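Worksheet: one structure, shown below.
The values are calculated or read from the model by the stated rules, or taken from the named source; none is laboratory data. Keep in mind it's a predicted model, so treat the numbers as computed, not measured. In this analysis, Cβ positions are derived from the backbone assuming ideal geometry, glycine residues included, and neighbour counts consider all displayed protein chains.
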Amino acid sequence: MLTTNIITGKILLKSGLHIGGNKDTMQIGGIDNPVIKNPLTNMPYIPGSSLKGKMRFLLEHYYDLVQGDGKIPGLEVDGKENKIAVIFGHLEHTEDSTDTKPTRIIFSDCNIIGAREEDGNINSNIESLKEKMLSTFVEAKTEVAINRITGTAQGGALRTIERVPAGVVFDLHIVLKNYEKSDEDNLEIIKKGLKLLENDALGGSGSRGSGRIEFLDLQVDGASIDLKSIQL
């Protein structure tokens, strides 16, 4: 048996997003930490691996699967099947075991489709938005380390990071594959993962305000879903 669920929607940035990319050149006074960009368009995007990794991390902690010894949870935890390992994929090669599970879920890279303006509507005219922001959907954010004793800035501690600004909207496309009868409840787990992501942060500097997101227009196989109804 093989069935699929297609999850689509939009990702709205409620605060600036920083997912780091490569810096090819060093510039005095330049950006210390650029965001990842498509090399053909120079436009930022959200790698599917970032969504997958953060959602798996949150779900493993939510279901109390993280072991005290620091080991990665296997296919079984305390004698019970680890559904997160089943959904997100697992490969284990030890002397006693070669257990594997194929990945049930596919996260596509998320591309910019517009930005939400003051009236709440999404402006999808990419070129006009570039002109309005005078950039390809990036902002420079300067941060400084604070001495916790004196409350003053520490000398030489200035750093400038690049972020995608709040209000930018990305597309979302996830494919969930179901191979077995027991996979039928996997969709509910993924809905919880989306809710956990909204309550947490995506990318870097989450504890300093970056990476807050909201999912809009979520659908599963064309039917709308409301994350507000998901109980955690």
Residue match in region 202-225 (condition: farther than 20 Å from residue 37 by Cβ, under 18 Å from the mean Cα position of the chain (by Cα), free of Cβ contacts under 8 Å to residues at least 40 places away in the same chain and surrounded by 15 or more Cβ atoms within 10 Å (Cβ to Cβ)): yes
Test: residue 175 is crowded, with 20+ Cβ neighbours inside 10 Å and β-branched (Val, Ile, Thr): no
Residues of region 107-138 that turn out to be within 16 Å of residue 45 (Cβ to Cβ) and assigned to a strand (DSSP E or B), as a count: 7
Checking residue 95 against (1) loosely packed, with under 15 Cβ neighbours inside 10 Å; (2) at pLDDT 90 or above, the condition it does not meet: (2)
Qualifying residue in region 50-71 (condition: modelled with pLDDT under 85, farther than 22 Å from residue 13 by Cβ and charged (D, E, K, R)): yes
Test: residue in region 72-84 that is among the acidic types (Asp, Glu), assigned to a loop (DSSP other than H, G, I, E, B) and either over 26 Å from residue 189 (Cβ atoms) or modelled with pLDDT of 85 or more (or both): no
Among the candidates 161, 189, residue that is among the β-branched types (Val, Ile, Thr), over 15 Å from the mean Cα position of the chain (by Cα), surrounded by 12 or more Cβ atoms within 10 Å (Cβ to Cβ) and assigned to a helix (DSSP H, G or I): 189
Cross-chain or 6+ apart pairs with Cβ under 7 Å, region 126-144 first and surrounded by 15 or more Cβ atoms within 10 Å (Cβ to Cβ), then in a helix (DSSP H, G or I) and at pLDDT 90 or above: 136/130
